[in-house]
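The values are calculated or read from the model by the stated rules, or taken from the named source; none is laboratory data. As the structure is a prediction and not an experimental result, all values here were calculated from the model. A quick note on method: Cβ atoms are made from the backbone with ideal geometry, for glycine too, and the neighbour counts reach across all protein chains shown.
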Amino acid sequence: MASEVSNTPTQRAVENLAWKLRRRQIVGSRATALETLLVLRHVISKSRFSNMEQLVTIIRGVGRRLVEAQPKEHSVGNTVRKVLHHIREEYHTATRGSAAASYSGFSISKFVLLGQPRKNTPLPKAESKGTLKENDPDDPDSFARSLKPVLMEAIQDVLDELETVYDNVSKNAQNHIHSDEIILTLGMSKTVEAFLISAAHHRNYTVMVLETAPSYGGRDMAQALSAAGISTFLVPDSSLYGLMSRVNKVILGAHAILANGGMFAITGSLLAATAAHAHSTPVVVCAGQFKLTPLWNLYHEYGALDFGDPSQVLGFEEGSLVDKVDVVNPFYDYVQPNLIDAFITNDGDHPPSSIYRLIKETYDDEDNEL
Amino acid sequence: MNIWATYQRKLEDEQISPPLAAILSLVDLCATSTAGTMFELVKALNEGSDSLKQHSPNPISINAGCELFIAFVTLFPHDSASFSDLKMELVKQGETYVRQALTYRRKIGELAVDFIKDDSVILTHSYSRVVMETLLLAHRSKRISVFVTEARPRGLGVKTAQALTAAGIPCTVILDSAVAYAMDKVDLVLVGSEAVVESGGLINAVGSLNIAIIAKSSHKPFYALAESYKFHRLFPLSQYDLPSHNPRILSFPPPIEQDNILGHPSSAVGSEVPSSRITQEEIAKNNPDVDYTRPDLISLVFSDIGSLTPGGVSAYLVGMFAG
């Protein structure tokens, strides 16, 4: 009776999203994260469970289904992991009263893992939350009934975080961009756009936007920035290296941030980061924390990237050529951690070397493989 | 009791590494101790650990184990009715930990195997139990081949090669001086460790530093494997800050009588031969057993508490020993 996501509306919602992901009707990390969260909320509110394990199994099942539908959209898996983490947290606070055994359970391995024991351990609260009863044979729904409100709250928190992500990333924009600086960016990233526009309220500066072939997201970006009153130059990709000596800072967006501090980002990012490295120009990445992915891409495996539509590179109008050449259009670059100076996230600025720590705090280790 | 003899006895078990043997010796000391107060007990433990360190030619890994156990004893929150109860409890804790710690190599192996891709060529150094465990585990699911350095002066690389060949892993022993020659064929470097220090650097059999520098210059990942009881609160700034360093290492021999050679060139040749014969033992005597690898040369440290960047090690050490 546990893992029944089979009640039709729920199942339909999950399948619906899976297909949308598969058909690329939803793209972009934030959009997919939001959709995933809405589906998860639906699943949790509709499903029946009488203990924690059942709930976790249900959510994992949904998560696996969605991740398999589109493994390159890492934020889907990240959202599921985050929700699981929050659920466990809520569950632990709700059951704290009965399980205050952390004191007597001190051992050397815990000492290594958690450090010195807290001197002033708060005394276990006398009021035990008797309402939370798992596997109640008389009333199997009582567990779900008492836990659901807090779970909904937890999901709402994640949702709020996603909705305010642009504001929070660009909160400190004026501290990162100074007057009369020349900033280089590329591709169309909503986060970077919000960041640059927010800085423009306080500073006068110039942005150079690379066209970013073959998707030409840079053109949209340039339009958006100049509409916001920023002095903007749209430059061809090939002039990147020549311009770099005049650039003060490179600001990039990310598709996914990996545990080793590297990232997947729109093609051209690696080129820009390498050129910046050669000129010792700082490279700053703006991204929400929902892009943190517990994944290490150490060997830069080719297949780890997503591939775009080859017709953008070589269209069918070149008919005679099409069957003579293989055209690949990798959509993302993998940028190594040593090329990145800082990540500006919705929760503070972090160097690449501490990303793995953030990931450890944000997700539970057991969920890395859904 | 003779703590050094106890330590030696514990070490006879193939699975027990020096820090664990040190912890077990201190546990025995704790069990037999007549101390009636915490102060006396900690004093006895400190004396025990000092005596261990004095007997051992290379106190680094013993030190790591002793410091961990003593810090644990001093911080152990207890509500025992009598002091002997507390001692019993500490003994139990120590033994439980060692039992748990024996599973750590397996855990580390499982972590590290994910970082080894199929068809990899791995370079390893000397002999390390945790590296062996990892390689054997990787061999089950992936095709790997291994270069192992001879690792003079102890020559333990041969032991690694024998064990790996017996398990069916293609393995070649290379000279320590041939590491740079081999590096282009290598996909990743995997080394064990004597201790991982607070900077995130690594103390390991001499030659590790050479390998790390060469790996860095050819952009190959250099992974260290270390059980968490090898985390050691030490911050060496150079090779000569290691506790294993002594004036004999790298010392120059006293000069040979010069006028003898100048005065009678013909007879000098004859007399020089016996005095300047250089044997392997003599070389080893003036050379270090371990060296210190800087954290910037290390890609990741795999430990039972997760895969850490070198900086992450210090966070755990600060958690245990600071404040």
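Miscellaneous remarks
- Qualifying residue in segment B:28-44 (condition: on the phi < 0 side of the Ramachandran plot, within 14 Å of another protein chain (Cβ to nearest Cβ) and assigned to a helix (DSSP H, G or I)): yes
- Only one entry of A:VAL27, A:VAL76 meets the criterion of being surrounded by fewer than 17 Cβ atoms within 10 Å (Cβ to Cβ), outside the structural domain of A:ILE266 (by TED's automatic domain parsing) and either modelled with pLDDT of 90 or more or aliphatic (A, V, I, L, M) (or both), and that entry is A:VAL27.
- Residues that are touching a helix residue (DSSP H, G or I) at 6+ places or on another chain (Cβ under 7 Å), outside any loop (DSSP other than H, G, I, E, B) and surrounded by fewer than 24 Cβ atoms within 10 Å (Cβ to Cβ), drawn from segment B:187-212: B:ASN210
- Taken over segment B:117-143, the criterion of being over 17 Å from B:LYS159 (Cβ atoms) and within 14 Å of chain A (Cβ to nearest Cβ) is satisfied by B:LYS117, B:ASP118, B:ASP119, B:SER120, B:VAL121, B:LYS142.
- The set of residues in segment B:239-273 being polar (S, T, N, Q) and either within 33 Å of the chain's Cα centre (by Cα) or at pLDDT 85 or above (or both) consists of B:GLN239, B:SER244, B:ASN246, B:SER251.
- Boolean, A:SER45 is farther than 27 Å from A:ASP167 by Cβ, in contact with a Pro (Cβ under 6 Å, 6 or more places away or on another chain) and hydroxyl-bearing (Ser, Thr, Tyr): no
- Test result for B:GLN93, more than 19 Å from B:MET320 (Cβ to Cβ) and of a type outside the set (Phe, Trp, Tyr): no
- Residue under evaluation B:ALA161, criteria (1) touching a residue at least 12 places away in the same chain (Cβ under 8 Å); (2) surrounded by fewer than 21 Cβ atoms within 10 Å (Cβ to Cβ), criterion not met: (2)
- Some residue of segment B:63-75 being among the small types (Gly, Ala, Ser) and in contact with a His (Cβ under 7 Å, 6 or more places away or on another chain): yes
- Of the residues examined, B:SER177 is one that is away from chain A (no Cβ under 13 Å) and without any contact (Cβ under 8 Å) to a residue 24 or more places away in the chain.
- Pick from segment A:313-338, criterion in contact (Cβ under 8 Å) with a residue 40 or more places away in the chain and hydrophobic (A, V, I, L, M, F, W, C), ranking: farthest from A:ALA254 (Cα to Cα): A:VAL313
For every residue, the table says whether it meets (1) buried (at least 19 other Cβ atoms within 10 Å of the Cβ); (2) within 30 Å of A:GLY115 (Cα to Cα); (3) away from chain A (no Cβ under 14 Å); (4) at pLDDT below 85.
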residue: B:SER275; (1), (2), (3), (4): no, no, yes, yes
residue: B:ASN286; (1), (2), (3), (4): no, no, yes, no
residue: B:VAL290; (1), (2), (3), (4): yes, yes, yes, no
residue: B:ASP304; (1), (2), (3), (4): yes, yes, no, no
residue: B:VAL313; (1), (2), (3), (4): yes, yes, no, no
residue: B:LEU317; (1), (2), (3), (4): yes, yes, no, no
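- Which numbered condition A:PHE290 fails, given (1) away from chain B (no Cβ under 14 Å); (2) in a helix (DSSP H, G or I); (3) surrounded by fewer than 17 Cβ atoms within 10 Å (Cβ to Cβ): (3)
- Here is the figure for segment B:64-80: residues that are free of Cβ contacts under 8 Å to residues at least 60 places away in the same chain and facing chain A (nearest Cβ under 8 Å) total 5.
- Residue within segment B:200-216 that is among the hydroxyl-bearing types (Ser, Thr, Tyr) and modelled with pLDDT under 95 present: no
- Per the listing A:ASP333, A:ASP349, the residue uniquely away from chain B (no Cβ under 14 Å) and closer than 17 Å to A:HIS74 by Cβ is A:ASP333.
- Candidates A:ASP326, A:ASP349: the one that is on the phi < 0 side of the Ramachandran plot, surrounded by fewer than 17 Cβ atoms within 10 Å (Cβ to Cβ) and part of a strand (DSSP E or B) is A:ASP349.
- Only one of the numbered conditions (1) of a type outside the set (A, V, I, L, M, F, W, C); (2) over 20 Å from the mean Cα position of the chain (by Cα); (3) more than 20 Å from A:SER109 (Cβ to Cβ) is violated by B:LYS53, and that is (2).
- If you go through segment A:195-219 and pick out every residue that is aliphatic (A, V, I, L, M), farther than 24 Å from A:GLY308 by Cβ and touching a residue at least 40 places away in the same chain (Cβ under 8 Å), you end up with 1.
- Tallying residues that are hydroxyl-bearing (Ser, Thr, Tyr), in contact with an Asp or Glu (Cβ under 6 Å, 6 or more places away or on another chain) and either more than 10 Å from chain A (Cβ to nearest Cβ) or in a loop (DSSP other than H, G, I, E, B) (or both) within segment B:81-116 yields 0.
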